[in-house]
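Since the structure comes first, as structure tokens, the remarks are kept for the end.
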Amino acid sequence: MHIQAQDLSKIYGQGENQVTALNRASLEIAPGDFISIAGPSGSGKSTLLHLLSGLDRPTSGRLTYDGRDICGLTDRELSAFRRRRIGFIFQQFRLLPVLTARENIIMPLLLDRKQPDETYLNHLAELLGIQDRLTHLPHELSGGQQQRVAIARALIAGPDVVFADEPTGNLDSRSGGEVMSLLQTVHQELGKALVMITHDSRIAALAPRRLSIVDGILSEVAG
Ligand code: ADP
């Protein structure tokens, strides 16, 4: 999957209260890319991630997935597209508290009326070191384990790209380090494109391709 964002802008509010959260951001994401986008709080990271992943629509600009303009899809088409082709990892994990780890992982498939591929599910659980945690409820897991469950959920539908929003932001440095090395392993093993936003330059430095964003302006970091 080749993703191309061209001059994406997002303006919130009207008149005097107008805020340009994102100012003509352009970016190409190739299959298998691992990209970090770093910037301080309020720089436009979440806005960019929401636009790239089709969670929100730009004020102007164009976004294509394999040449197809996804801004032209209806809300219903867009949510089906996201469920099948895009994985998400959030800072706050966002697991459903009444479901077991396994049920949380397969939830995106159930929403699409599909059954899990048990071999793939077991492979993911093994890769993420959560095989013996699958019957547990989220509150019975550590933060790092909850995030690993959330990573499995992001991958279960076999997406082409995974977007991660401050994936270690809610973890202590040791669990955060473990989650980052698992993300690197997953990226190498499964070859999915991975796009991560973070305010932490040490986390950003772990990605082979780095971008930075300041006041809504996106630029590639050399080297
Ligand atoms: P970051 O993720 O880097 O912290 P955001 O993308 O959340 O930055 O925000 C970028 C700018 O846009 C900030 O100035 C923020 O206050 C503003 N902003 C974000 N969302 C909204 C919104 N829904 N309405 C108005 N302003 C917003």
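The values are calculated or read from the model by the stated rules, or taken from the named source; none is laboratory data. None of the values given here were measured: they were computed from a predicted structure. Note: ideal-geometry Cβ built from the backbone for every residue, glycine included; neighbour counts use all protein chains shown.
Find all pairs meeting these conditions: Cβ atoms under 8 angstrom apart; at least six residues apart or on different chains; first residue within segment 121-132 and at negative phi; second residue surrounded by 13 or more Cβ atoms within 10 Å (Cβ to Cβ) and outside any helix (DSSP H, G or I).
Leu121/Ile156; Leu124/Ile156; Ala125/Leu134
If we scan segment 36-44, do we find a residue that is under 20 Å from Ile151 (Cβ atoms), buried (at least 17 other Cβ atoms within 10 Å of the Cβ) and of a type in the set (Ser, Thr, Tyr)?
Checking segment 36-44: at least one residue is under 20 Å from Ile151 (Cβ atoms), buried (at least 17 other Cβ atoms within 10 Å of the Cβ) and of a type in the set (Ser, Thr, Tyr).
Restricting to segment 104-137, give me the number of residues that are closer than 19 Å to Ser175 by Cβ and polar (S, T, N, Q).
2
For Ser79, only one of the following conditions fails: (1) more than 16 Å from the ligand (Cβ to nearest atom); (2) outside any loop (DSSP other than H, G, I, E, B); (3) modelled with pLDDT of 95 or more; (4) within 18 Å of the chain's Cα centre (by Cα). What is its number?
Exception for Ser79: condition (3).
Looking at segment 8-51, which of its residues are in a helix (DSSP H, G or I) and either among the basic types (Lys, Arg) or closer than 27 Å to Gln184 by Cβ (or both)? Spell out how you get there, then give the answer.
Taking segment 8-51 first, the residues in a helix (DSSP H, G or I) are 15-17, 45-51.
Those that are in a helix (DSSP H, G or I) and either among the basic types (Lys, Arg) or closer than 27 Å to Gln184 by Cβ (or both): Lys45, Ser46, Thr47, Leu48, Leu49, His50, Leu51.
Yes/no matrix, rows are residues, columns are (1) outside any loop (DSSP other than H, G, I, E, B); (2) at pLDDT below 95; (3) surrounded by 13 or more Cβ atoms within 10 Å (Cβ to Cβ):
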position	(1), (2), (3)
Leu96	no, no, no
Leu99	no, no, yes
Leu110	yes, yes, no
Asn122	yes, no, yes
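Quick check on Gln91: is it assigned to a loop (DSSP other than H, G, I, E, B) and touching a Gly at 6+ places or on another chain (Cβ under 7 Å)?
Details: assigned to a loop (DSSP other than H, G, I, E, B): yes; touching a Gly at 6+ places or on another chain (Cβ under 7 Å): yes.
Judged against the criteria, Gln91 is a match.
Quick one: count up the residues across segment 1-21 that are near the ligand (Cβ under 7 Å from one of its atoms) and either under 18 Å from the mean Cα position of the chain (by Cα) or surrounded by 15 or more Cβ atoms within 10 Å (Cβ to Cβ) (or both). Before the answer, list the steps.
Quick first cut of segment 1-21, residues near the ligand (Cβ under 7 Å from one of its atoms) only: 12-13, 19, 21.
With the extra rule that they be either under 18 Å from the mean Cα position of the chain (by Cα) or surrounded by 15 or more Cβ atoms within 10 Å (Cβ to Cβ) (or both), the set shrinks to 21.
Within segment 1-21, residues that are near the ligand (Cβ under 7 Å from one of its atoms) and either under 18 Å from the mean Cα position of the chain (by Cα) or surrounded by 15 or more Cβ atoms within 10 Å (Cβ to Cβ) (or both) number 1.
List every residue pair whose Cβ atoms lie under 9 Å apart, where the two residues are 6 or more positions apart in sequence or sit on different chains, the first residue falls within segment 21-36 and is in contact (Cβ under 8 Å) with a residue 24 or more places away in the chain and within 12 Å of Ile213 (Cβ to Cβ), and the second residue, located anywhere, is within 16 Å of the ligand (Cβ to nearest atom) and of a type in the set (Phe, Trp, Tyr).
Between residues of segment 21-36 that are in contact (Cβ under 8 Å) with a residue 24 or more places away in the chain and within 12 Å of Ile213 (Cβ to Cβ) and residues that are within 16 Å of the ligand (Cβ to nearest atom) and of a type in the set (Phe, Trp, Tyr), the close pairs are Ala21/Tyr12.
Restricting to segment 154-208, and then to whatever is hydroxyl-bearing (Ser, Thr, Tyr) and under 22 Å from Ser43 (Cβ atoms), can you tell me which residue is surrounded by the fewest Cβ atoms within 10 Å (Cβ to Cβ)?
So, considering only residues that are hydroxyl-bearing (Ser, Thr, Tyr) and under 22 Å from Ser43 (Cβ atoms), the one surrounded by the fewest Cβ atoms within 10 Å (Cβ to Cβ) is Ser201.
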